[in-house]
2 protein chains.
Amino acid sequence: MSPTALDLHQDAARLTAQLVDFPSVSGDEKALADAVEEALRALPHLTVDRYGNNVVARTSLGRAERVVLAGHIDTVPLADNVPSRLDEDGVLWGCGTSDMKSGVAVQLRIAATVPAPNRDLTFVFYDNEEVAAHLNGLGHVAEAHPEWLAADFAVLLEPSEGEVEGGCQGTLRVALRTGGERAHSARSWLGANAIHAAAPVLDRLAAYTPRRVVIDGLEYREGLNAVGIEGGVAGNVIPDECTVKVNYRYAPDLSEEQALAHVREVFDGCGVAEPTVEDSSGAALPGLSHPAARAFLQAVGGEPRPKYGWTDVSRFSALGVPAVNYGPGDPNLAHKRDERVDTRLILHCEERLRSWLTA
Amino acid sequence: MSPTALDLHQDAARLTAQLVDFPSVSGDEKALADAVEEALRALPHLTVDRYGNNVVARTSLGRAERVVLAGHIDTVPLADNVPSRLDEDGVLWGCGTSDMKSGVAVQLRIAATVPAPNRDLTFVFYDNEEVAAHLNGLGHVAEAHPEWLAADFAVLLEPSEGEVEGGCQGTLRVALRTGGERAHSARSWLGANAIHAAAPVLDRLAAYTPRRVVIDGLEYREGLNAVGIEGGVAGNVIPDECTVKVNYRYAPDLSEEQALAHVREVFDGCGVAEPTVEDSSGAALPGLSHPAARAFLQAVGGEPRPKYGWTDVSRFSALGVPAVNYGPGDPNLAHKRDERVDTRLILHCEERLRSWLTA
């Protein structure tokens, strides 16, 4: 089944099937990026740029506002679930149906069928979203060509079941270490037990009451949790080191620096060394009060929800562009062998976006 | 350097050197056991038995008391420290000098030179002491031929620097497990954190005051310590299991069952599952009030000390035979590349034992 040129005349549901049947596991996106670029270059109302396997296309109509529609073209590895299969209930099965070739199909259809939108549009198709953060194509574009991403508002077509998910939580993971002194456990008074020294760390975690923060009408629930603990030398040795790994998921009213300061404060006086930051990704504000966002919400309908996981909306947020997640896939089916998408939701999202951009 | 017959006419210091130059790493004791058996069979006042690579010899003089002199003939692996070397200060260097071929040399010398002791004597030479407990030759003899070990008192010639170390602590290691429920750490309220649930376990360990117990004038200091802790699934997952490994070193007034009952009691109400016993070796009473022990103490002199580590005296204790450690080696040098022994201490121990058994 050799991939062929993308047919943007078919509806977004059929186009999703064609995209799913065009495998593009992370690291292997070149052929699909080529096909996307070729299809977009055929559209005279768009200017097309490429950076690596990332393709960016834009209208230049001089509108008062510019919005971004963004999606990643890679998928997790296939799991005997390609080619796609449409069942009798109108559900399309296969790798990437939900995450997020259905979203990419909607992007491509808007690009092909809305030549004169009421807002200038920037379409971003990027690679390597499903792998390590430093490989992420959107990150590479943001670094090399931030001007390509300049906009008033961005919609990331990640799976959200056709609901608007605003902003995203930040995540910080730190290692907290307690120390001690080794000794034979038969003569424990000659040593100092680093695992016992971790008791106050666990006490504070157990007693911690996470915040609930309302921003733009969305409630973000935080969490401060041990996600790992490790200590011990041998069955007869008093351990001299214990490490607790703590993950703080925080609301988008905090910066990365503020989040770290909070963690330091929580464990102040616990006898732990300065926290070592193992992972930090900032939160993103929902930006729902921006005029473009309000018009978007009105057009797509429904009640916006907070996004609890971390997504690439945070990269737009870091560039000063408010962003939301809005896509036809189901996030709970992402990365699963039985990944699937309801084709009616694909068509619904396509229609809602078109309505917003042509009203 | 092919091993030759053991020469029991030389003093215990020279005999130690011959034994060290006769490698017998655990599992490879047959040749040395053969040599020991041959040397003992040449002594007409002894009856000799053998079980595997364990050799037991005894006098049968109809004395009112019988005492055991016991030692293991294996060593840890060589570390470029054989053959032995006697330096100008009278210190003998090499693998097993302290642990415990110097003790074995003293046993052999007493066997050869005290044909009519004031107490009947049983000499026990056994294998596989330095490896897993289930391989231990003394344990095998105790199981197959407990009558070979019957006695009023036993001296184990493990390294104790020529001081009497009475009895030994017991050791119990258990795993304590807390449970929880996995969830994505961005939605931690959907799960239950098993590491946080371990906080009361560490609190009780940190607050625990170990007992000091005086038995036969010896003070045993106990210890209750976490020797390991482990929990965690991934950096973004609320963990559903955490395991704390706890080692209880207890005084010989407690049985193994009482020690476990105490650990259960300490962690009662902590929310942990029933402790899993990973290792349990009973304590040994010093038995210093026994007449044979008192005469021994008087003969060897010095102040008896409690033994904090676990040793094979516990196996005698389990057979109802009070036992002490008394040997010329230095326990702090055992298992080290620069293992050595002061030859004067070997001769001193030999002379003190002879004095006790011939007075």
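The values are calculated or read from the model by the stated rules, or taken from the named source; none is laboratory data. Quick caveat, the model's predicted, so the values are computed rather than measured. Cβ coordinates were reconstructed from backbone atoms using ideal geometry, including for glycine residues, and neighbour counts include every protein chain displayed. These area figures cover heavy atoms from the full protein model, side chains too; ligands, DNA and RNA do not enter into them. Shrake-Rupley method; radii C 1.70, N 1.55, O 1.52, S 1.80 Å.
Overview of values
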| read-out | value |
| --- | --- |
| Position residue A:207, label points 7 Å along Cα→Cβ, spacing to each other copy in nm (shortest first, one decimal) | 1.2 |
| Simple label model, 7 Å out from Cα along Cβ direction - residue A:219 to residue A:135, nm | 3.9 |
| Within-14-Å neighbourhood charge of residue B:348 [Cβ basis; K, R +1; D, E -1] | -3 |
| Cβ-defined net charge surrounding residue B:324, 11 Å radius [Lys, Arg +1; Asp, Glu -1] | -2 |
| Of all accessible heavy-atom area on chain A, the percent that carbon and sulfur account for (1.4 Å) | 49 |
| R0 of 22 Å, Cβ-Cβ distance residue B:280-residue B:332: FRET efficiency to nearest 0.05 | 0.25 |
| Partner chain coverage, peptide B:245-257 - average Cβ within 10 angstrom | 2 |
| Positions from the range B:275-314 whose accessible area shrinks by 10 Å² or more when the full protein complex is built, not the chain alone, probe 1.4 Å | B:308, B:309 |
| DSSP-assigned coil residues among trypsin sites (Lys or Arg not before Pro) in the range A:252-359, each with at most 11 further Cβ atoms within 10 Å | A:337 |
| Å² per residue, accessible surface of the protein assembly as shown at 1.4 Å | 39 |
| Mean-position separation - Cα centroids, the range B:93-140 and the range A:237-280, in angstrom | 55 |
| 7 Å along Cα→Cβ, label-point gaps from residue B:277 to other copies, nm, shortest first | 5.0 |
| Part-to-part distance (alpha-carbon centres) for the range A:1-53 and the range A:318-351, which is given in Å | 18 |
| Helical contribution to [θ] at 222 nm, DSSP H n ≥ 4, -39,500 (n - 2.57), averaged over the protein assembly as shown, rounded to 500 | -7500 deg cm²/dmol |
| Most to least accessible of A:274, A:163, A:339 (protein chains only, probe 1.4 Å) | A:274, A:163, A:339 |
| Heavy atoms of residue A:30 accessible to a 1.4 Å probe, total area in Å² rounded to 10 | 120 |
| The range A:166-224: trypsin sites (Lys or Arg not before Pro) falling in loop per DSSP and having at most 15 other Cβ within 10 Å | A:211 |
| DSSP-loop GluC sites (Glu not before Pro) across the range B:62-151, with at most 13 other Cβ within 10 angstrom | B:88 |
| Formal net charge of residues neighbouring residue B:43 (Cβ-Cβ distance under 12 Å; K, R +1; D, E -1) | +1 |
| ³J(HN,Hα) computed for each position of the range B:300-306 - Karplus, 6.51 cos²θ - 1.76 cosθ + 1.60, integer Hz, glycine/proline x | 8, x, x, 9, x, 10, x |
| Amide H partners (placed H, <5 Å) of residue B:183, local residues excluded | B:238 |
| List of the range B:171-195 residues, accessible area with partners at least 10 Å² below that of the chain alone (1.4 Å probe) | B:173, B:184, B:185, B:186, B:187, B:188, B:189, B:193, B:195 |
| Inter-chain shielding of B:65-74 (mean C-beta neighbours from other protein chains, 10 Å cut-off) | 0 |
| The range B:239-252 - phi-based ³J(HN,Hα) in whole Hz, Karplus 6.51/-1.76/1.60, Gly and Pro as x | x, 9, 7, 9, 10, 10, 9, 10, 10, 10, 9, 10, 6, x |
| In the B-A interface, the accessible area buried, summed over both sides, Å² (probe 1.4 Å) | 3000 |
